[in-house]
Amino acid sequence: MAIRRAADVLGGHAPAPESFGYSVKNRLLGRPLVNEQLSEQRLSKPLALGVLSPDGISSSAYGTEEIIIALLPLAGLAAFTLILPMTLVILFVMTLVVLSYREVVMVYIRPGGSYVVARENLGPRVAQVAAVALLIDYIVTVAVQTAGGAAAIVSAFPSLPGTLGLSTKTLLLVISVLAILLMCYGNLRGLKEAGRAFAVPTYLFSGSVLLMIVVGIVREIIGNLHKYNPHALPGHYPIGSGTAGLVSAAMIFTLLRAFANGGASLTGIEAVSDAVGAFRPPEGVNARRVLVAEGLILGVLVAGISWLAHVTHATPRISGAPTVLAQEATVIFGGGVGQVLFYLLQAATALILFTGGNTSFNGFPFLASYVAGDAFLPRWLLKRGHRLVFSNAIVMLTVISIVLIVIRGASVNDLVPLYAIGVFTAFAMAGFGMARYHLRRKEPGWRHRLIINASAGVLTTIVVVIFAVVKFTEGAWIVVVLFVVLVPALIRLNREYAMEAEVLGTITGHQPPPLPTYARRTVLVFVDSFDLATLAGLRYARSLRPTTLRAVHFVIDSARAEVLREQWTQADRGIPLDFIDAPDRRLAQAAADLVTEEVAVPGTHVTVVLPRRSYSPLLGRLLHDRTADKIAAAVSRIPRSAATIIPFDVSSRVELLQQRQAAGLAKTLDPPPGSETGRTDVTAAGQADKVDKARTARKAKERDANGAGGYRRPVPSSGADPIGSITRPGQATVEGRVRSVEIRPVEHNSVLACEIADSTGELTALFYGRTRIPGLACGSRVRFRGSVGIKKGHPFMVNPTYELLGPAEPDTGGESGNGSKGT
């Protein structure tokens with residue numbers, strides 16, 4: 001149906017006022033964005049390295065520390081020697097993962113990373129393992145990165161907890177939660193990660209740490225690099241005697257725990273593969289180069305920080321601050337100018353960690369939308385919100401990550417057991433998926449690519465097993481349980497969606513079955529009380545022109561039923577009112593039983609009309625139940641029956657009544673002069689009514705001029721005819737923005753009706769025999785040329801020549817052509 005002017009649609013009434021919640025949302029988040037503003041910035045290689053690498057590069061800030069924490073209790077001071085071979089093993093794994101993802105980004109330019117790889121090569125059900133892994137990874141990333149950023153701040157200002165009267169752990173928790181809430185707010189406002197500002201922390205952190213490494217190595221060479229005495233540091237982790245042999249079971253287990261802890265350094269490498277489509281062409285080649293550069297930077301930083309820990313004996317603290325990285329910076333930079341460099345490094349560390357946490361607010365919603373699009377997650381995760389972001393997913397990520405960090409604490413060491421299982425599971429799925437891809441395609445050079453991806457899949461699977469075993473009692477069991485529960489749950493949800501689609505009978509390319517015909521159509525109006533809502537339901541029921549029309553009241557209170565009987569008899573509506581006993585007060589069951597009896601008669605269809613009184617959301621929930629919805633749900637399960645709820649807005653009428661009562665009280669208390677006969681009141685009321693109507697008409701015109709989407713209608717160019725000036729048939733060229741598109745059945749044909757609007761009026765274009773024109777969608781700008789007809793004062797064109805001037809969505813290429821000539 002073509003969109004009419006707002007004043008006509010509203011029948012002269014004022015537009016519905018914005019709700020309080022919507023007004024608050026506008027103030028907090030800004031005015032809503034329209035679909036046309038959904039654009040994507042293409043990234044150059046330097047900008048992409050800065051924007052997409054924070055999650056990966058920032059993990060070097062705590063990877064070394066986690067290895068030392070695992071080694072100290074058993075290896076003692078030998079931990080500072082063992083950290084070097086452990087770092088080499090981790091760098092080997094990182095190299096293999098980077099090589100594996102180099103193949104991913106060359107093949108899959110679409111976003112989605114390992115989930116898309118697994119879905120395309122291992123099947124949608126197996127891909128849910130990757131989906132759960134990545135979703136867990138994104139959630140824990142927010143917690144770990146913000147906890148690390150908070151630790152960097154407290155490390156820079158160690159006296160801050162005492163100044164605020166808080167313990168170090170409490171302050172870390174407060175900073176982390178505030179940072180997560182700030183990220184949530186920024187992303188709900190539509191914060192874009194492709195800006196240059198998001199690249200600054202990556203380069204600042206990398207440069208600061210590289211400078212620290214160079215200065216530290218130089219000072220070590222010249223022999224004036226100070227070394228900590230771990231035993232003299234307050235609040236350090238327990239330091240073992242180091243007497244256990246390297247081949248003992250306890251030491252092997254400790255080495256595995258250290259390797260598992262150090263695996264946290266490799267998190268975030270997959271971020272580039274999740275955003276290949278954002279690179280400038282050639283996307284795959286540029287993404288591969290950025291991925292290699294990220295791997296090199298991460299490898300150098302991890303190796304350098306581990307070497308300095310080996311030299312300085314920087315020891316982790318139980319409270320989480322000062323960090324090992326902060327201790328290294330303190331002893332290397334020293335005082336004076338070095339103190340400035342120390343604060344610069346801590347600021348860069350905090351910034352990159354918070355920025356790395358913010359990447360999850362971009363990745364998690366998009367991944368959730370992909371999985372929901374495949375019908376493995378609830379479809380409400382597909383909905384874009386007020387500012388064109390996936391608001392539901394952002395809020396979900398915020399709530400879960402805050403709950404996680406409150407329960408586990410804002411400590412990187414306490415969160416790492418939950419971290420790397422998801423990350424390495426995603427690595428494994430990507431490796432095995434690409435190995436399957438090479439086996440099926442056998443493209444040139446596929447054998448060595450197969451070896452790389454298969455090796456990465458096997459090695460990262462071993463890492464997952466190690467993590468699950470050595471970290472099981474430290475919290476990894478939670479992730480294992482989540483995998484066991486969530487993967488079958490997602491598959492079950494997909495099966496539910498498939499069954500719903502089958503029940504709904506989606507028609508694809510076949511002639512729809514003939515509509516059933518019923519010899520007897522019965523309409524039942526369920527009556528709770530005799531009021532305006534019931535009368536509205538009766539009017540609707542009469543409009544259905546049923547064979548039989550009955551009003552039914554289920555008796556659960558005899559006295560109330562008797563009052564209703566008297567009211568019904570006095571009103572004499574011409575419709576019988578049946579009273580049916582419901583001694584157990586189960587109204588939904590009583591309604592289902594009645595409808596079942598009615599449809600038992602062959603050739604009968606029953607429609608149940610349920611008047612529902614709608615109240616304000618909060619007060620209505622407290623003061624009233626939802627009986628109509630419960631009855632409708634019960635009736636809808638019965639074959640050859642349907643339930644229709646007729647809403648009656650009580651809250652708006654209550655407000656109107658309150659306004660009238662307030663106006664009447666004001667007139668009584670302060671009558672205007674010369675109102676002896678009351679005519680002055682009537683005149684004033686009439687004038688006020690005229691003012692209200694004029695204001696309503698003006699608002700309606702403004703609303704219409706601005707368009708339904710919240711943007712102004714385009715002004716026609718000099719080469720186009722203003723639509724409002726077309727009053728007679730003839731040839732015309734018009735431009736405008738598409739306001740509505742509808743498929744209309746016409747006998748044995750179909751018509752695509754498209755209404756466009758400019759700042760002067762609206763015109764409808766009819767394309768016979770068409771059901772879709774690529775690019776012609778709500779919000780797109782078009783130009784039509786052809787013969788114009790006038791029907792009821794409204795101009796229309798039949799099969800005009802069209803040209804797309806602007807897309808409704810980004811990356812929709814413009815096209816022009818002739819409308820197909822239908823009869």
(request) Give the share of C-alpha pairs in each 5 angstrom bin for the stretch 526-616, from 0 to the last occupied bin, in whole percents, shortest bins first. (result) 2, 12, 23, 24, 22, 12, 4, 0, 0
(message) Applying a 10 Å radius around every beta-carbon, put 414-423, 298-307, 557-566 in order of their mean neighbour count, most first.
(response) 414-423, 298-307, 557-566
(request) Would you work out what percent of the accessible area of the stretch 342-476, with all protein chains in place, is carbon or sulfur (probe 1.4 Å)? (result) 67
(message) With only alpha-carbon atoms in the gyration tensor, what are the semi-axes of the equivalent ellipsoid for the stretch 81-123, in Å, largest first?
(response) 30, 10, 7
(request) For the stretch 132-181, state the average projected area of the convex hull of the C-alpha atoms over all orientations, rounded to one decimal in nm². (result) 3.5
(message) Suppose the Debye formula is applied to equal point scatterers at every Cα of the stretch 363-482; what is log10 I(q)/I(0) at q = 0.12, 0.14, 0.16, 0.17 Å⁻¹?
(response) -0.65, -0.82, -0.96, -1.01
(message) At 7 Å along Cα-to-Cβ for each site, give me the label-to-label distance between Y540 and S717 in nm.
(response) 4.8
(message) With the cut-off at 1.5 for a/c, could you classify the stretch 379-433 from its C-alpha gyration tensor as rounded, prolate or oblate?
(response) oblate
(message) Just to check, using Stokes-Einstein with a Kirkwood Rh over alpha carbon pairs, what's the diffusion coefficient of the stretch 417-493 at 10 °C and 1.306 mPa s in µm²/s?
(response) 117
(request) Report the FRET efficiency, 1/(1 + (r/R0)^6), for L178 and A582, where r is their Cβ-Cβ distance and R0 is 41 Å, rounded to 0.05. (result) 0.15
(request) Provide the packing ranking of 134-146, 754-766, 314-326, 578-590, i.e. peptides ordered by the mean count of other C-beta atoms within 10 Å per residue, highest first. (result) 134-146, 314-326, 754-766, 578-590
(request) Can you tell me how much longer the chain between R520 and S787 gets when fully stretched, taken as 0.36 nm per residue apart minus their C-alpha distance, in nm with one decimal? (result) 91.3 nm
(message) Give me P(r) over the stretch 127-241, computed from all C-alpha to C-alpha distances, binned every 5 Å, as integer percentages.
(response) 2, 8, 9, 14, 17, 17, 14, 9, 6, 3, 1
(request) Find the all-direction average of the projected area of the Cα convex hull for the stretch 84-170, expressing the result in square nanometres with one decimal place. (result) 8.9
(message) What does the charge count around V214 come to, taking other residues whose C-beta lies under 14 Å from its C-beta (Lys +1, Arg +1, Asp -1, Glu -1)?
(response) -1
(request) With the Cα gyration tensor of the stretch 348-397 in hand, give its eigenvalues times 5 under a square root as the equivalent ellipsoid semi-axes, listed largest first in whole angstrom. (result) 24, 11, 7
(request) Determine the principal axes of the Cα atoms in the stretch 537-583, then give the extent along each, sorted from largest to smallest and rounded to whole angstroms. (result) 32, 24, 14
(request) Report the label-to-label distance for V337 and V465 in nanometres (one decimal), using points 7 Å from each Cα along the Cα→Cβ vector. (result) 5.4
(message) Kirkwood Rh over alpha-carbon pairs of the stretch 310-373, then Stokes-Einstein at 20 °C and 1.002 mPa s: what D in µm² s⁻¹, rounded to an integer?
(response) 151
(message) Show me the ranking of peptides 538-548, 452-462, 68-78, 355-365 by mean Cβ neighbours inside 10 Å, starting with the highest.
(response) 355-365, 68-78, 452-462, 538-548
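The values are calculated or read from the model by the stated rules, or taken from the named source; none is laboratory data. Small disclaimer: the values here were computed from a predicted structure and weren't measured. Positions of Cβ are generated from backbone atoms using ideal geometry, with glycine treated the same way; all protein chains shown enter the neighbour counts. Surface accessibility is based on the protein's heavy atoms, side chains included, excluding ligands, DNA and RNA. Shrake-Rupley method; radii C 1.70, N 1.55, O 1.52, S 1.80 Å.
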